[in-house]
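**Q** Below you will find the structure I want to go over with you.
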Amino acid sequence: MTPPSTAPPVLRVEQLSVRFRMPGGRYVEAVTDACFTLAPGESLALVGESGCGKSVLASALLGLLPGNAETAGSARLADGLDLLAADERTLARTVRGRRVALVPQSPAAHLTPVRTVRAHLEETARELTGTGSGRRPRSARTALRAAAQAAADRAAFPGSHLDRHPHELSGGLAQRAATALALVGDAPLLLADEPTTGLDRDLVERTVDELRAHTRADGRALLMITHDLSAAERIADTVAVMYAGRIVETAPAAAFFGRPGPRHPYARGLLEALPERSFTPVPGAPPELGALPPGCAFAARCAAADPLCRTRRPALIEGVACHHA
């Protein structure tokens, strides 16, 4: 586990909320009062079922929410910049790729099909270093090529494939290409949104091991969004469990996956659903974010729920939001 850091947090998220305006004047609460911090060298896995708000939270951090979204709270980088309050010009010119880098889900969909991996890397390096477009002196071209090669090396992307196009890459190599692109700008915060989707187990383990290595070696912080608890166990120092738009438990990974284990019944259910455990799925389905119940959103699926659970929403106290934790 990463030792405690005395440096300021790379990211401090406080009471982050996102809601969407819908036709008819109603709202859908996609994320509610999310709070967490990320220290240099720390990996945090944000886990939960699909549709719980994980990717919405990531989009909020990058300023990529649609026009009908409203945000509240704050998400501050180490220098004090609030990502939620920053305008598009600031986000585009000084944040994306430079201070916060994204490793996307389905990397092939984020790569231009008519450009080689090398061209992607060099273009990214040009944008992030401010090297002018058009004809460039030999020294600038050499520097761009060196930056592209360095990023490829850090992502373990083979040099023999740099001049290939995205459709010529396997799923694992496409993921490494996306990781290399995220590493070009030396951003202190990596945001990996379901980076193991569609990969077989060997590639999942290799991908998370490489992301963890980048976090450790360069002192970066990593926020990994995933529904794969096995990947989370392999990579995370801290685990945050999200359900129906809320973080319902935050715990050190060693305690979460070992002893004493999760305290929230939903988090326990996620672990028990793993094949290497009891392989027992959590019964029922999550509620619609546009029609959340008045009490605990998990009450309808929880065997321990009582009238208090169904009428009063539990606060997040000492890392868990459960009346009976």
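The values are calculated or read from the model by the stated rules, or taken from the named source; none is laboratory data. On a predicted model such as this, the values are computed, not experimentally measured, just so you know. Every residue, glycine among them, receives a Cβ derived from its backbone with ideal geometry; neighbour counts consider all protein chains shown. Areas reflect the complete protein model, heavy atoms only, side chains present, ligands, DNA and RNA absent. Shrake-Rupley method; radii C 1.70, N 1.55, O 1.52, S 1.80 Å.
**Q** On the protein heavy atoms, probe 1.4 angstrom, tell me the percent of accessible surface of region 106-195 carried by carbon and sulfur.
**A** 52
**Q** As I understand it, the value is the acute angle between the Cα axis of helix 117-129 and the longest principal axis of the Cα atoms of the chain; what does it come to in degrees, rounded to 10?
**A** The answer is roughly 90 degrees.
**Q** Okay, moving on. Can you give the extra length, in nm with one decimal, that the chain gains between His324 and Gln15 once fully stretched, where that is 0.36 nm per residue apart less the Cα-Cα distance?
**A** Taking His324 through Gln15 to full extension adds about 108.9 nm, to one decimal.
**Q** Additional query: Using alpha carbon centroids, what distance separates region 149-176 and region 207-245, in Å?
**A** Cα centroid to Cα centroid, the span is 22 Å.
**Q** Going by alpha carbons, how many degrees (0 to 90, nearest 10) lie between the helix axis of 171-183 and the longest principal axis of the chain?
**A** 80
**Q** Which net charge results when you count Lys and Arg as +1 and Asp and Glu as -1 among the other residues whose beta-carbon is under 12 Å from that of Pro283?
**A** 0
**Q** Okay, next question. Given a Förster distance of 25 angstrom, what is the FRET efficiency for Arg268 paired with Asp209, based on the Cβ-Cβ distance and rounded to 0.05?
**A** E(calc), rounded to 0.05, equals 0.40.
**Q** If R0 is 35 Å, what FRET efficiency do you get for Asp218 and Thr280 from their C-beta distance, rounded to 0.05?
**A** 0.35
**Q** Same structure again: Using the Kirkwood formula over every pair of different C-alpha atoms, what hydrodynamic radius in Å results for the chain?
**A** 20.8
**Q** Restricting things to Cα coordinates, could you compute the convex hull volume per residue of region 11-123 in Å³?
**A** In region 11-123, the Cα hull volume divided by residue count equals 147 Å³.
**Q** Sticking with this structure for a sec: So, in nm, how far is label Ser74 from label Arg145 when the simple model puts each one 7 Å beyond its Cα toward the Cβ?
**A** Taking the simple label geometry, Ser74 and Arg145 are separated by 4.7 nm.
**Q** Tell me the angle of helix 138-154 to the major Cα principal axis of the chain, expressed in degrees between 0 and 90 and rounded to the nearest ten.
**A** In the chain, helix 138-154 runs at an angle near 40 degrees to the longest axis.
**Q** While we're on this one: Starting from a Cα-only point model with no solvent, please compute log10 I(q)/I(0) by Debye for region 145-225 at q = 0.14 1/Å.
**A** Once normalised to I(0) and log-transformed, intensities are -0.43.
**Q** Let's test the formula: R0 of 30 Å, r as the Cβ-Cβ distance of Ala119 and Glu88. What FRET efficiency results, to the nearest 0.05?
**A** So, using R0 = 30 Å, E works out to roughly 0.70.
**Q** Have a look at Leu183, Leu162, Leu62 and tell me which one the Gaussian network model of the chain (Cα, springs below 10 Å) gives the largest fluctuation.
**A** In this elastic network of the chain, the residue with the biggest mean-square fluctuation among Leu183, Leu162, Leu62 is Leu162.
**Q** How much of the accessible area of region 242-297, probe 1.4 Å, is carbon plus sulfur, in whole percent?
**A** Solvent-exposed carbon and sulfur of region 242-297 make up 61 percent of the total.
**Q** May I ask you to give the solvent-accessible area per residue for the chain, in square angstrom, as obtained with a 1.4 angstrom probe?
**A** 47
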